[in-house]
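First up is the structure itself, then whatever we jot down about it.
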Amino acid sequence: MAEVQGDVAGSLCAWQESDLRDVPARRAHKNWAVCANLRNMHIRRKRDLKRALEEQEKAAAQSALLLDQEQLNGLLEYLEERLSEDECDASLRFTREWAAANAIDADALAASVEYFTAICDCEVLANVEPETIF
Ligand SMILES: [Zn+2]
């Protein structure tokens with residue numbers, strides 16, 4: 001169990017990262033709320049976990065998406081253009097059009113965008129966001 005030191009608010013105490021797993025020691029650490037050392041460790045851990053989660057989500061999204069970044073940008077540009085002329089008819093007609101014009105399997109692309117809960121053209125435009133995938 002770690003020695004509990006540092007009773008000045010915001011000062012560094014003797015705690016180490018490994019002590020965080022020692023629950024009784026944590027409970028006994030009276031300066032929990034004011035210990036800058038612990039607070040920083042927590043912030044770091046939370047940040048690292050968040051980053052790891054984001055990386056995982058990106059990796060999953062990338063493997064779910066049939067397209068690379070350039071292709072996706074091309075599709076989204078095309079949809080933006082087509083949907084400004086014609087309303088979405090609750091199908092993937094423009095997405096399929098683009099696929100056919102770009103030698104991409106339209107059925108495979110339709111299945112792929114479903115991962116992003118996009119089952120029509122306007123949902124592809126809204127839900128398949130390059131910045132959360134690449
Ligand atoms: Zn739609």
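The values are calculated or read from the model by the stated rules, or taken from the named source; none is laboratory data. Bear in mind that the values here come from a model prediction, so they are computed numbers and not experimental data. Neighbour counts are summed over all protein chains in view; Cβ atoms, including those assigned to glycine, are modelled from backbone coordinates with ideal geometry.
Does residue 94 count as closer than 23 Å to residue 54 by Cα and modelled with pLDDT of 95 or more? So residue 94 fails the test.
Quick one: how many residues across the stretch 35-63 are part of a helix (DSSP H, G or I) and surrounded by 15 or more Cβ atoms within 10 Å (Cβ to Cβ)? Final tally of qualifying residues: 5. Out of 99, 110, one residue alone is more than 16 Å from the ligand (Cβ to nearest atom), buried (at least 18 other Cβ atoms within 10 Å of the Cβ) and more than 17 Å from the chain's Cα centre (by Cα). It is 99. Close Cβ contacts (under 7 Å, 6 or more residues apart or on different chains) running from residues in the stretch 61-85 that are assigned by TED's automatic domain parsing to the domain that holds residue 124 to residues that are surrounded by 11 or more Cβ atoms within 10 Å (Cβ to Cβ) and of a type in the set (Asp, Glu) comprise 79/121; 83/121.
For the stretch 117-134, which residues satisfy the criterion of being within 13 Å of the ligand (Cβ to nearest atom) and at negative phi? Don't jump to the end; show me each part of the working.
First pass over the stretch 117-134, keeping only residues within 13 Å of the ligand (Cβ to nearest atom): 117-128.
Those that are within 13 Å of the ligand (Cβ to nearest atom) and at negative phi: 118, 119, 120, 121, 122, 123, 124, 125, 126, 127, 128.
Taken over the stretch 86-96, the criterion of being touching a residue at least 12 places away in the same chain (Cβ under 8 Å) and within 13 Å of the ligand (Cβ to nearest atom) is satisfied by 88, 89, 90, 91, 92, 93, 94, 95.
Residues checked against (1) at pLDDT below 95; (2) more than 16 Å from the ligand (Cβ to nearest atom); (3) on the phi > 0 side of the Ramachandran plot; (4) not polar (S, T, N, Q):
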residue: 41; (1), (2), (3), (4): yes, yes, no, yes
residue: 49; (1), (2), (3), (4): yes, yes, no, yes
residue: 65; (1), (2), (3), (4): no, yes, no, yes
residue: 74; (1), (2), (3), (4): no, yes, no, yes
residue: 81; (1), (2), (3), (4): no, no, no, yes
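Sub-6 Å Cβ pairs linking a first residue in the stretch 108-130 that is in a helix (DSSP H, G or I) to a second residue that is away from the ligand (no atom under 12 Å from the Cβ) and hydrophobic (A, V, I, L, M, F, W, C), at least 6 apart or interchain, are 108/66; 109/66; 109/99; 112/65; 112/66; 113/128; 127/116; 130/72, ordered by first then second residue.
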